[in-house]
Every structure is written in structure tokens, then in C-alpha cells.
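For reference, the structure discussed in these notes is given below.
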Amino acid sequence: TGYRQYIDTGSYIDLFLLSELTKEIDAYAVSTFAFKDRLGKFNMGPLWDINGGFGHMNFMQGTETTGWQVNLRGGPHPDGYRSLRADFEYELEMWDRWFSLRENVWSTEKLLIDIDYWAAYLDESQQRNFQRWPVLDEYVLVWGLGNAYVVDTYGEEIDDHMKPWLAARA
């Protein structure tokens, strides 16, 4: 009878595209959230636990701006996405959504403006964060995984790494 009666394809597509745009290394595995309202369809999202995205982690080709993150994972979530992508209509819907987002909301210019906005908005809290956890200019190892680069300042993190990486990834 088909999968479309059971899942909200838009939510699956949006989470997939956001996970891939950010190249979140935990996507499809340990940081995947799904929900279903009573009598509703299965939905994916929200994206969360994104500390391994934006080229930040030296694991699962996370620093590279090319390639599909979904292809690097095993298990039910990535297999489900690969099955969905085998459906021509789903794949067409996904690419239509991608190109629609890239026209405005996810245009490179808008993404970089948004990063500047949020970096300024978080400036005071990032100062408190790095006073409490002085990890700037430090290699941080978590569960055997580490940051891909070491920076001296928050501004360097944003301007020298995050923005160029995301522009290249998009």
C-alpha cells in the first residue's frame, strides 16, 4: 500500500537535507529523533546534538565538504533513507525541496548572514562558556573522537572554519 500513508515525507526530507548540509556525523544513528502524533504519520526531527557537524569532527569524513553522510552509516535509519531515495517520486520531491531552499533560505549569502547573526547573538554566552570550559586553543577528545582543528578565538572558529566550510558544503 506504500509508505506515504505512514510517514510525513516532508519531515523526512527536511531532516535529511539539514543533516546532509551540516554533515552531522551523528545523524541517522545516535542523534535521530522521530515522533508520531495519535492518528498521525511518523515525523522526523528535530535535528539535535549537532556538535559533530559543520566540519568540526575528525570522524566519518566529517571535515570533507563533499559526499553523503548517510552512506557512511549502517543501521535502520540510514537504510530507511536509502530505501526512500530509491523511490523516484521521493527523490524528485527531495531535490525540488533542496533547490527551493537554496533559492532563498539556504542560499550561501543567507546562510553566512545567519551565522553572523547567531554568532553575535551568542557572543556573551560563548564568553561565559569558554570561561567555564577553557577549550579554545585545545584539542578536545570525546569518546575517542576529537575536533578537526584547534582555534584561538570564537571569531576564528566562525570566520576561518565554519563559514568557509558551510559555503563549500552548500
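At a glance:
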| item | result |
| --- | --- |
| Tally, over segment 67-90, of residues that are under 19 Å from ILE7 (Cβ atoms), outside any loop (DSSP other than H, G, I, E, B), modelled with pLDDT under 90 and open to solvent by 40 Å² or more (accessible area, probe 1.4 Å) | 6 |
| The lone exception for LEU15 - which of (1) open to solvent by 80 Å² or more (accessible area, probe 1.4 Å); (2) within 19 Å of TRP106 (Cβ to Cβ) it fails | (1) |
| Helices (runs of 4 or more DSSP H) enclosed by segment 91-170 - at least 3 residues per element that are under 30 Å from TYR12 (Cβ atoms) | 108-121, 163-169 |
| Candidates PHE54, PHE59, filtered to the one that is open to solvent by less than 80 Å² (accessible area, probe 1.4 Å), touching an Asp or Glu at 6+ places or on another chain (Cβ under 9 Å), touching a residue at least 12 places away in the same chain (Cβ under 8 Å) and within 16 Å of LEU145 (Cα to Cα) | PHE54 |
| Near pairs, Cβ below 7 angstrom, 6+ apart or cross-chain, from segment 104-128 (exposed (fewer than 13 other Cβ atoms within 10 Å of the Cβ)) to any residue that is at pLDDT 95 or above and not hydroxyl-bearing (Ser, Thr, Tyr) | ASN104/LYS110 |
| All positions within segment 13-66 that are closer than 26 Å to GLU157 by Cβ and assigned to a helix (DSSP H, G or I) | LEU15, LEU17, LEU18, SER19, GLU20, LEU21, THR22 |
| Some residue of segment 133-150 being at pLDDT 95 or above, more than 19 Å from GLY53 (Cβ to Cβ) and loosely packed, with under 14 Cβ neighbours inside 10 Å | no |
| Segment 18-50 - residue that is over 18 Å from MET94 (Cβ atoms) and either surrounded by 21 or more Cβ atoms within 10 Å (Cβ to Cβ) or among the acidic types (Asp, Glu) (or both) and, of those, modelled with the lowest pLDDT | ASP49 |
| Residue count, segment 124-170 (criterion: charged (D, E, K, R) and under 15 Å from HIS56 (Cβ atoms)) | 7 |
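The values are calculated or read from the model by the stated rules, or taken from the named source; none is laboratory data. Here the structure is a predicted model, which is why all the values come from computation and not from measurement. With ideal geometry, Cβ positions are generated from the backbone for all residues, glycine too; neighbour counts draw on all protein chains shown. Accessible surface is based on the protein model in full, side chains and every heavy atom, while ligands, DNA and RNA are left aside. Shrake-Rupley method; radii C 1.70, N 1.55, O 1.52, S 1.80 Å.
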